[in-house]
Structure formats: structure tokens, C-alpha cells
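Worksheet: the structure to be examined is printed underneath.
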Amino acid sequence: QITNGDLDVEVDVRGSTEFASLSDDINQTVGALKDSIAVVQADLDMAADIQANSLPGITPEVAAYSEFDLHASMEPAKEVGGDFYDFFLIDEDHLGLVMADVSGKGVPAALFMMMAKILLYNYAIMGITPHEVLERLNSTICKNNDDSMFVTVWFGIYTISTGKVVAANAGHEYPIIKHAERGFEILKDRHGFVIGGMSGLKYRDYEFDLEPGDMLFLYTDGVAEATNTENKLYGEDRLLTVMNRNTTMEATMLLPA
């Protein structure tokens with residue numbers, strides 16, 4: 001039972017002095033193991049809190065804009081994970097939008113995620129184009145990437161006054177867009193290679209417009225590749241079907257749906 005993971009079992013075999021001593025030793029070892037696990041779990045819980053607090057909330061500065069609404073969520077498969085999103089004002093008329101997914105899971109992915117998030121933000125607020133942001137991010141990460149980790153990134157800059165979005169994609173899932181006259185559709189944009197995979201890469205910008213009533217949905221493969229008890233993938237087709245059943249929902253209701 002203990003080797004199968006039940007650490008609440010207490011061994012009590014007293015048929016001989018040797019068995020009694022062995023029982024006490026096993027119980028002492030399991031007790032020490034439970035204490036060690038509790039310490040590790042406390043550290044993981046703290047790491048999860050730090051990671052969650054690093055993701056942006058709707059600040060009064062952002063909420064002051066009536067031109068757009070934002071809503072986002074992340075639920076890691078483990079205590080901590082490698083997916084992340086970000087949004088931030090570059091200046092009064094430009095909003096940066098990020099969706100990204102680090103290879104792997106757990107603490108290594110979370111640490112890599114924090115590094116990538118900070119670097120991307122620092123380059124983005126310089127006011128350069130999305131493809132330049134991704135190129136600088138890739139160059140920096142490739143210099144210090146002995147573990148060969150990588151991250152897929154979609155980064156866009158939304159011009160608030162006009163609705164124009166300029167974006168670049170480093171191996172990430174296609175964005176989904178809903179235009180006022182049509183339902184949700186996948187935008188098959190220009191893909192570059194993942195960040196951290198190879199130095200010296202070039203990325204390309206592309207543009208699209210968001211009119212009043214339009215919606216942009218960004219996500220990671222954790223949505224499309226989620227599985228049920230029969231090990232069936234959720235899939236992009238089902239994702240689109242569910243979204244197109246709820247085209248009138250606001251973002252705060254659409255994500256839970």
C-alpha cells in the first residue's frame with residue numbers, strides 16, 4: 001500500500017522483536033517522507049501564487065478605455081506551468097497582446113516562462129514592430145538556453161484609435177477572429193519558427209482590422225488538446241462550434257462556456 005502511494009498506512013507487525021523494529025522504522029521513514037512532501041508542496045503552492053500574480057489584471061489605466069474589453073484566464077495542468085498571456089499599454093494608443101506556450105510543464109517551464117515574459121515585455125515597450133520584438137527575444141533566449149527549451153509566441157500590437165492589429169507568430173496556434181457579420185473563424189496567419197529553437201531567425205508581420213463588435217480569441221494548445229475520459233481531443237472544430245453557438249456572449253462569459 002505504501003509503495004502504491006498511500007502514505008497514511010501505519011505498519012504494525014509485532015510478531016517478533018525484529019518485525020516490531022522494522023514496523024517502527026518504516027513508519028518513521030514514511031513520516032519523514034510526508035514531512036518532506038509537505039515542504040515541497042508548500043514551495044509549489046508559493047510558486048503557483050507567484051506565477052498567477054505575474055499575470056496581468058485589468059488595471060484602472062486599461063479599464064479607462066471604452067474602445068475594447070479584455071478577459072483572460074489560465075489553469076495550469078500542474079501546480080505551475082509554461083503557458084502565459086500578457087497585455088499592456090505600450091503608449092496611449094497602442095496595446096500589446098501576448099499569448100505563449102513554453103515546452104514542457106512544471107517548475108522548469110514556469111521559470112522559462114517568467115524569463116520569456118519579462119524579456120518580451122521589455123522589448124515590446126521599446127515601440128518596435130512585433131517581428132522585431134520576436135527576433136530580439138529569440139536572439140536573447142538562444143544565447144542562454146543550454147536545456148534547449150523553446151516557447152511559441154503570438155504577439156500583436158493593437159492600435160486603439162483605428163482598430164488595426166499588427167502581429168507576428170512564432171510557431172503558436174492560429175488566432176480566432178469573429179467579425180460582426182460572420183461567426184468565429186480561424187485566421188491562418190504567417191508562422192515563424194519557435195522562440196529558442198535556432199538563433200538568427202527572421203519573423204514577419206501581418207495586419208488585420210478589428211471593427212466595432214469584432215472579437216479576437218487567443219489560446220494555447222492546452223485548449224484544443226484537452227482530452228476527456230475516452231482520451232479524445234477537444235479539437236479546434238469543437239472549439240469553433242462552441243464559440244459559434246455563443247457569438248453574442250461577452251468575453252467574461254465566453255471563456256467559461
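A compact table of results
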| quantity | calculated |
| --- | --- |
| Those residues of the stretch 100-120 which are farther than 18 Å from Thr220 by Cβ and modelled with pLDDT of 95 or more, in sequence order | Leu119 |
| Test: residue in the stretch 246-257 that is surrounded by fewer than 19 Cβ atoms within 10 Å (Cβ to Cβ) and closer than 21 Å to His94 by Cβ | yes |
| Evaluation of Met46 against (1) at pLDDT below 85; (2) of a type in the set (A, V, I, L, M); (3) part of a helix (DSSP H, G or I); (4) closer than 19 Å to Phe88 by Cβ (one fails), failing number | (4) |
| Qualifying residue in the stretch 207-224 (condition: part of a loop (DSSP other than H, G, I, E, B) and more than 28 Å from His94 (Cβ to Cβ)) | no |
| Candidate set from the stretch 95-109 (those that are assigned to a strand (DSSP E or B) and small (Gly, Ala, Ser)); member that is nearest to Leu210 (Cα to Cα) | Gly96 |
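Residue-by-condition table, conditions (1) assigned to a loop (DSSP other than H, G, I, E, B); (2) open to solvent by 40 Å² or more (accessible area, probe 1.4 Å); (3) touching a residue at least 24 places away in the same chain (Cβ under 8 Å); (4) among the basic types (Lys, Arg):
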{"position": "Gly57", "(1), (2), (3), (4)": "yes, yes, no, no"}
{"position": "Glu61", "(1), (2), (3), (4)": "no, yes, yes, no"}
{"position": "Asp69", "(1), (2), (3), (4)": "yes, yes, yes, no"}
{"position": "Leu89", "(1), (2), (3), (4)": "no, no, yes, no"}
{"position": "Leu111", "(1), (2), (3), (4)": "no, yes, no, no"}
{"position": "Ile118", "(1), (2), (3), (4)": "no, yes, no, no"}
{"position": "Ile128", "(1), (2), (3), (4)": "yes, no, no, no"}
{"position": "Glu135", "(1), (2), (3), (4)": "no, no, yes, no"}
{"position": "Ile141", "(1), (2), (3), (4)": "no, no, yes, no"}
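The values are calculated or read from the model by the stated rules, or taken from the named source; none is laboratory data. Everything numeric here is computed off the predicted structure, so don't read it as measured data. Counting neighbours? That spans all protein chains shown, and the Cβs are built from the backbone with ideal geometry, glycine included. Note: accessible area is taken over every heavy atom of the protein model, side chains too, but ligands, DNA and RNA are not part of it. Shrake-Rupley method; radii C 1.70, N 1.55, O 1.52, S 1.80 Å.
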